[in-house]
Each structure stands twice: as C-alpha cells, then as structure tokens.
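One structure is given below, encoded as structure tokens.
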Amino acid sequence: MEHEELIQKYIQDSLSEAEKTQFEALLQDDLTFAKKVAEHENIHKAIKAAEKQQLKSHLQQLETTQSEQKPLRTPFQKNTRLAIAVVLLLFFGLMGNYIIQQANVNENLYATYFEPYPNALQPVTRGQNDSDLLSIATQAYEAKNYEKAIETFDLIQAGFDNPSTEISFYKAMSLLNLGNEQESLDILREIKHRKTRFTPQIYWYGALIHVKFEENEKALKALEYMDEIQTTFKSKQRAIIKEKL
C-alpha cells in the first residue's frame, strides 16, 4: 500500500490490523513517513479547530442578536436556541468530514495514477554524442536528474524562434516530477492546443494536476476531451477517476 493512502486511512481511523502493523513499523523506522504523518495530523487538527471557532463565533453572534431583540427568553425560546446549536454543530461537523474525505480522495487518486512519463524524445544508447544538447537532456531525464534536464531543455529552446512543443512537454514533465505542479500546469496549458503526438499525455497530466488541486470540474473537462479525441491512452484509469470525482 502507498504511504499516502496508509496515512489517509490512519487519519480516517479505518486501518485494518495488518495495515496498523505496517503503519506502526513505518512510523518507528521511517523518519520521512513520520514527518508526513505529523503534517497530516496537524492539517486535520487545524480544520477541526477552524470548524469549532466558526461555530463558536456564529453562536455568539446569534446570542447577541437575540439578546438585543428579545431580552426575556421563554423556555421554548431556550430550547429552540439549543436545537439550533445542535443542528449547526452537526452541519459543520459533517461539512468538515466531507472536506477532509474529498481531499483524501483527490490525494489518493493523484498518488495512485501519477507516474513519470518515459522518455520518447530520443532513445538513450551507449556511445551517444554527449555534446548534443538533446542527448544530454534525455540522458538527464532518464536518470531522474530533472533539474539538469530542465536546464538543458531551456538551452535547446533558446536556439529557436518558435519553441518546440515536444521539448516544452518534457520540461513540464520534469517540473511535475520535481513537485512543481503549478509551473508544469502553466506549460501544459500553453501547449495543449498545438499539434503534437503528445496531446493525450498533455491532457492526462493536466487532469491529474487539477485532481491534486481539487479542481474536479477542470479535471473532468480535460478527461472528457480525451474521450472526444478518441484516444486510448489511460482509458481505464480515466474511467475510474471520472467515477470517483
């Protein structure tokens, strides 16, 4: 099980016995995992605290308003006020749980279906000319040295009046692999209407980024466009994501 999914199930208190054993082992032995758990717990606590504060403020405002309008309360009015408080508490509690669960769904979908796109620009072979910029860029990309790949892609693009769509796509992929989702999305938006063999991939990774950003309508729109152009790329995964969103 992916670490992210394991943490989400821990937050939701839905771990199985086997998953609890795995979780506790990771928590003890993996410092990075432990830090991620702490981050998720802090986010969860912050959301709960915000809900309570919002409810408290609302009740105080309600009490002040009722005091000004009707200084004397009958037993019926007191019961009504209590009922309103209970309803509001339930509402904010359910809303908070929904927000957390939806965020968990999006994070899990992204973690499950994101994978780096392989090098299809130029095959990397032994004895390749290391002075050729495209060779350097593709070698760096395959070696997961994405910073160097981006730097070299930029050098390649600097030599053209009209930037190469394919080079731009792989720069976006390099940024995405480094966790720079917004920068990657900006490039994908810029090139998505250009004619290229990577059109399905551009819309797929754009949709995944929108999923991670919890922009479900934009994600669905990108996936629906892939249906319209009748591409088979990630067809099963697309269907699952559309059903989840």
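Against the criterion of solvent-accessible heavy-atom surface with a 1.4 angstrom probe, Val211, Val124 sort, most first, into Val124, Val211. For the range 190-245, the dipole from Cβ point charges (+1 on Lys and Arg, -1 on Asp and Glu) about the Cα centre works out to 280 debye, to the nearest 20. Using a simple spin-label model with pseudo-atoms 7 Å out from Cα toward Cβ, Lys148 and Gln230 lie 4.4 nm apart. The heavy atoms of Glu17 offer some 130 square angstrom of accessible surface to a 1.4 angstrom probe. Net length available on complete extension from Ala83 to Gln60 is 6.8 nm, with 0.36 nm assigned per residue and the Cα-Cα distance removed. For Tyr225, the accessible surface of its heavy atoms amounts to roughly 80 Å² (probe 1.4 Å, protein chains only, rounded to the nearest 10). Loop-located trypsin sites (Lys or Arg not before Pro) in the range 185-229 (DSSP state other than H, G, I, E, B) with a sparse environment of at most 11 neighbouring Cβ atoms within 10 Å: Lys195, Arg197.
Heavy-atom accessible area, probed at 1.4 angstrom with all protein chains present, ranks Phe160, Phe114, Phe33 as Phe160, Phe114, Phe33, highest first. Residues in the range 167-180 carry Karplus couplings, in order, of 5, 4, 4, 6, 5, 4, 5, 5, 4, 5, 5, 8, x, 8 Hz; the curve used is 6.51 cos²θ - 1.76 cosθ + 1.60 with θ = phi - 60°, and Gly or Pro positions show x.
Derived scalar couplings between HN and Hα for the range 119-124 equal 5, 10, 6, 7, x, 8 Hz in order, rounded to whole Hz, by the Karplus curve 6.51 cos²θ - 1.76 cosθ + 1.60 (θ = phi - 60°), x for Gly and Pro.
Shape descriptor for the range 148-245: Rg over Rh equals 0.99 (Cα atoms; Rh from the Kirkwood inverse mean 1/r).
Computed over the range 136-184, the alpha-carbon pair-distance distribution with 10 angstrom bins reads 31, 56, 13, each value a whole percent.
The values are calculated or read from the model by the stated rules, or taken from the named source; none is laboratory data. Every value quoted in this text rests on a predicted model; they were computed, and no experiment measured them. A quick note on method: Cβ atoms are made from the backbone with ideal geometry, for glycine too, and the neighbour counts reach across all protein chains shown. Note: areas computed on protein heavy atoms with side chains; ligands, DNA, RNA excluded. Shrake-Rupley method; radii C 1.70, N 1.55, O 1.52, S 1.80 Å.
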